[in-house]
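The values are calculated or read from the model by the stated rules, or taken from the named source; none is laboratory data. These figures come from a predicted structure and were not determined experimentally. Glycine also receives a Cβ, built like all others from the backbone with ideal geometry; neighbour counts cover every protein chain displayed.
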Amino acid sequence: MNQSVTLSASTNPREVPGDLAMWFFILAELLVFGVFFLAYGYARAHDPATFAAGQRQLALGVPTVNTLLLIAGSASVAAAVRAFALDRQRTARRLLWLTVALGMGFVVLKCGEFAGKLAAGITLSSDTFWMFYLSLTFFHFLHVILGMVIVGAVAVYARDGRYRPGQLAGVETAAAYWHMVDLVWVVLFALVYVAR
Amino acid sequence: MSTSTTAVLDTPRGVEEHAATRLKYRSQAVAKPYFIAAIGLFFGQIVFGLIMGLQYVIGDFLFPEIPFNVARMVHTNLLIVWLLFGFMGAGYYLIPEESERELHSPKLAIITFWVFLVAGALTIVGYLSVPYATLAKLTHNEILPTMGREFLEQPTITKVGIVLVALSFLYNLSMTVLSGRKTSVSLVMMLGLWGLAIFFLFSFYNPTNLVLDKYFWWYVVHLWVEGVWELIMGAMLAFVLIKVTGVDREVVEKWLYVIIAMTLISGIIGTGHHYYWIGTPGYWQWWGSIFSAIEPIPFFMMTLFAFNMVNRRRREHPNKAAVLWALGTGVMAFLGAGVWGFLHTLAPVNYLTHGTQLTAAHGHMAFYGAYAMVVITMISYTMPKLRGREANSRGAQKLEMVSFWLMTLAMVAITLFLTAAGYVQVSLQRMGTTPMPFMAAQDQAATYYWLREASGVVFFIGLALYIISFFVKGKTDEAAH
Amino acid sequence: MTMNALRDFPTVWRVWLWLTALTLLAAFLADAHLTPGHLALAALSVAWLKGLAIVEHYMALRHAPAWLRLTVHGWLALVSAVLIFSFL
Amino acid sequence: MSASFTKSTARNIFYGGAVFFFLLFLALTFDTTQALPKRDNRVNLTEQVARGKNIWETRNCIGCHTLLGEGAYFAPELGNVYQRRGPEFIKAWIKGQPTGAPGRRQMPQFHLTDGELDDLVAFLKYSSEINTNNWPPNIEG
């Protein structure tokens, strides 16, 4: 299977961005989140009142800002890949660190949101809505942290100039993971915070 | 090779010399007694399986000499112990070859073997000769009560022994790996074996609180069979595939990493499928269902992996039987662990099927397909080498392949009949407005239990032929080289 | 990649603006007193649009082999569509 | 040319993924232990129940029966036997074993004292009051 993939990639202008191994991971993560989202849809359809009651207690300001932070992070890491492709090393590294910083902003705001819920006595066992809310947001929260670690690691590695035009696999791999985290959040934001 | 190693090899001198030419490292020979013990205990496991199968339909068979609970304890404990012997044998064979050096201490490996065998045998004799409560008293279970929980029935002192054996084994292998070449296969194998030892420590935690007891009991059982054991299985399969197909190690190893990554991504939280009805919070029904729904994927990948590597082989290995076992492992692990696991893993289904014959059906095919078969794959590949030849004679291989089909098809039949019995049980006892009492429902499934027992006899015949195949003489088919 | 990257640089920021605008639109919709079903339809449709841009431009799957591009778009389409359906 | 599939990335994803999901599992374990006091009937964990659990274990009851659905599948579920049969029936049943009915499944005689029988029943009562999310589906277990 892999041989055909690598072969076709080398003879075909279409190529997998970054490392194929990361894409297996990304697809697995998308599958988990996808099933989780569908489970949410199923549970909500069977008990809309509980979900509506829970959603009414969610403020929209912080998650909207968080969405903007993640999207900006995605833009920044995408720009970093292009900067490396142009061999603009300093700019590229700064853009990577900007992504990490934006992720940190997300984490801080999210912690505030979690603290509020915790103070209100909300736990995974409160009801089905809060179970999904906490499960999905916390699970995603951990992914943001992992994304920051991956992008941060690439930013550190980048100091020796290893990512150059034609040598972009490592940074593309990290960027792909971050974009996945962003993609999942976009759906999560619409589903948990907005849709009712 | 140390003198003590030579002593237990028990092979004619000529063969012994020949063996040295087949083995890359002489100390790999310590694997041989482990594999022989594994097969012997496997035989015992099946004998007790047949006894239990008969007790399902002739309830008072061998009562009160061997009550069902004793037979089951022997059946399951022999399974675990023979698989552990298999893993250890595999470790002793595989690690020196991967590390490109002799084993740190062959002598320690042989001592460990005898300690483990004697401790295991004494425990089984204890199960069979005295009432379990007496065994608990004799072994001072009251000091640290750990007995009487499913699969962890061993007296506490035996559990301590298992830990010591595991430590000696891990010390021996770790020292070998540390001073030699570090390959992905050996690292994954070591990670799996260390994980096995570490999670076994939870067997010493037995709180009075039944929910906590059950919760952490699964830290041993689930994180073994759907976690670290799969690393061991993956490493063993990868090792054999590299050897018999000649496919580039890099290719095999990167797929190994991808597959076991999927295994742990799905399998660790997948533990949640055991936390639906034992007093744990309701959210486990969601978490467990979601993650265990993707647990079949790594098994499917492993099947594709095995077939892909064999299809891309760069050599025709003369040991056809080993290749067959390797492919069989891929398929049967997917069917048993993947498909039959998925069948009842979603919480709404499991609500009805939890604790029925469906669980038994899944358990049988998964253990056989994933773990019994991977150990036999390893034995099939290594045993000829340990006995001084690249592969067995054509006749011996033919018989081994017949035994493969008999055992495998018999296990498929056992699984199907237990599934049918489970279906009868669920529909009569769990569903409807006037559910049947347990024993009344069991009586309705009697036909399927008889068929299961018949399939068990076929399995036993297959196993007997497998053992006989070791004694079939004849020349290796040199043309196949 | 290199040639594509050269062309793509300004695109990154245009896509960013587009995603930001859509996010603010979604937040605005939440307070726009739509009937519940319509709100879900609108929010998840907006999410789908955002997802399309992320997959195509940021993940750069535009340049990827069809199997990967289709898989990820298929995921997004399936999840969005089924969720929208669950609200109707 | 940036398309690649390297062993080192595959390895990093394996290690990273394993650590990530194990930490998540520990977090869920922590939450579970926090939530258990409301569910696991620990207020009724008396000395007698502890003795009963020890009898349950040292007679290897799990080798035939299931308890909350776990164990062997040879004999009835006992997680709800307290409700199904009541304490007196349970004690009389255990005392009366084996039935000796030809061809029927047999349960050994364990020679338990009246005190031990009471302990065992206390354990089964405690077990039956654990919040199991309404499992089993009906009284037959």
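Numbers at a glance
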{"quantity": "Single residue of segment D:57-83 satisfying the filter (assigned to a helix (DSSP H, G or I) and touching a strand residue (DSSP E or B) at 6+ places or on another chain (Cβ under 8 Å)) that is farthest from the other protein chains (Cβ to nearest Cβ)", "calculated": "D:Cys61"}
{"quantity": "Boolean, D:Lys125 is surrounded by fewer than 16 Cβ atoms within 10 Å (Cβ to Cβ), in contact with a helix residue (DSSP H, G or I) (Cβ under 8 Å, 6 or more places away or on another chain) and modelled with pLDDT of 95 or more", "calculated": "no"}
{"quantity": "Selection from segment A:26-82 of residues that are more than 7 Å from chain C (Cβ to nearest Cβ) and outside any helix (DSSP H, G or I)", "calculated": "A:Asp47, A:Gln57, A:Leu58, A:Ala59"}
{"quantity": "From the options D:Phe89, D:Phe30, D:Phe22, residue that is within 9 Å of chain B (Cβ to nearest Cβ) and either modelled with pLDDT of 95 or more or buried (at least 16 other Cβ atoms within 10 Å of the Cβ) (or both)", "calculated": "D:Phe22"}
{"quantity": "Residues of segment B:337-394 that turn out to be among the aliphatic types (A, V, I, L, M) and within 14 Å of B:Gly86 (Cβ to Cβ), as a count", "calculated": "10"}
{"quantity": "Residues of segment B:83-101 that turn out to be among the acidic types (Asp, Glu) and either crowded, with 18+ Cβ neighbours inside 10 Å or farther than 21 Å from B:Thr183 by Cβ (or both), as a count", "calculated": "2"}
{"quantity": "Residues satisfying the stated conditions in segment C:54-76, i.e. modelled with pLDDT of 95 or more, surrounded by fewer than 17 Cβ atoms within 10 Å (Cβ to Cβ) and within 17 Å of C:Val15 (Cβ to Cβ)", "calculated": "C:His73"}
{"quantity": "Test for C:Ile54: is it within 7 Å of chain A (Cβ to nearest Cβ), more than 18 Å from A:Leu60 (Cβ to Cβ) and in a helix (DSSP H, G or I)", "calculated": "yes"}
{"quantity": "Enumeration of residues in segment B:262-295 that are over 15 Å from A:Phe36 (Cα atoms) and part of a loop (DSSP other than H, G, I, E, B)", "calculated": "B:Tyr275, B:Tyr276, B:Trp277, B:Ile278, B:Gly279, B:Thr280, B:Pro281, B:Gly282"}
{"quantity": "Residue pairs meeting the criteria (Cβ under 7 Å; at least 6 apart or on separate chains; first farther than 14 Å from B:Ile232 by Cβ, in segment B:168-195; second hydrophobic (A, V, I, L, M, F, W, C) and surrounded by fewer than 23 Cβ atoms within 10 Å (Cβ to Cβ))", "calculated": "B:Ser168/B:Leu108; B:Asn172/B:Leu108"}
{"quantity": "Verdict on B:Ile124 being under 21 Å from the mean Cα position of the chain (by Cα) and either hydroxyl-bearing (Ser, Thr, Tyr) or closer than 18 Å to B:Val70 by Cβ (or both)", "calculated": "yes"}
{"quantity": "Checking B:Trp255 against (1) part of a loop (DSSP other than H, G, I, E, B); (2) within 9 Å of chain D (Cβ to nearest Cβ), the condition it does not meet", "calculated": "(1)"}
{"quantity": "Among the residues listed as B:Gly369, B:Gly422, the single one being under 17 Å from B:Trp325 (Cβ atoms), in contact (Cβ under 8 Å) with a residue 24 or more places away in the chain and out of contact with any Lys or Arg (no Cβ under 8 Å at 6 or more places or on another chain)", "calculated": "B:Gly369"}
{"quantity": "Any hit, segment A:107-129, residues being within 21 Å of A:Phe37 (Cβ to Cβ), part of a helix (DSSP H, G or I) and free of Cβ contacts under 8 Å to residues at least 40 places away in the same chain", "calculated": "yes"}
{"quantity": "Single residue of C:Thr11, C:Thr2 found to be among the polar types (S, T, N, Q) and at pLDDT 85 or above", "calculated": "C:Thr11"}
{"quantity": "Yes/no for D:Pro136 being in a loop (DSSP other than H, G, I, E, B) and more than 14 Å from the chain's Cα centre (by Cα)", "calculated": "no"}
{"quantity": "Segment A:173-196, residues that are among the small types (Gly, Ala, Ser) and either under 11 Å from the mean Cα position of the chain (by Cα) or part of a helix (DSSP H, G or I) (or both)", "calculated": "A:Ala174, A:Ala175, A:Ala176, A:Ala190"}
{"quantity": "Check on B:Leu264, closer than 21 Å to B:Ala337 by Cα and at the interface with chain D (Cβ under 10 Å from one of its Cβ atoms)", "calculated": "yes"}
{"quantity": "Flag for D:Asn54 being polar (S, T, N, Q) and either within 21 Å of B:His75 (Cβ to Cβ) or away from chain B (no Cβ under 11 Å) (or both)", "calculated": "no"}
{"quantity": "Tally of residues being more than 7 Å from chain B (Cβ to nearest Cβ) and crowded, with 17+ Cβ neighbours inside 10 Å across segment D:130-141", "calculated": "1"}
{"quantity": "Residues located in segment B:117-143, provided they are in contact (Cβ under 8 Å) with a residue 24 or more places away in the chain, of a type in the set (A, V, I, L, M, F, W, C) and touching a Leu at 6+ places or on another chain (Cβ under 8 Å)", "calculated": "B:Ile124"}
{"quantity": "Candidates A:Val107, A:Val192, A:Val154, filtered to the one that is within 29 Å of D:Phe30 (Cα to Cα) and crowded, with 22+ Cβ neighbours inside 10 Å", "calculated": "A:Val192"}
{"quantity": "Scan of segment D:48-69 for residues that are in contact with a helix residue (DSSP H, G or I) (Cβ under 6 Å, 6 or more places away or on another chain), touching a residue at least 12 places away in the same chain (Cβ under 8 Å) and among the polar types (S, T, N, Q), ordered by number", "calculated": "D:Gln48"}
{"quantity": "Qualifying residue in segment A:162-180 (condition: away from chain C (no Cβ under 14 Å) and surrounded by fewer than 24 Cβ atoms within 10 Å (Cβ to Cβ))", "calculated": "yes"}
{"quantity": "Pick from segment B:219-246, criterion within 14 Å of chain D (Cβ to nearest Cβ) and either basic (Lys, Arg) or more than 17 Å from the chain's Cα centre (by Cα) (or both), ranking: farthest from B:His273 (Cα to Cα)", "calculated": "B:Ile242"}
{"quantity": "Test: residue in segment B:143-158 that is outside any loop (DSSP other than H, G, I, E, B), within 14 Å of B:Val70 (Cα to Cα) and not acidic (Asp, Glu)", "calculated": "no"}
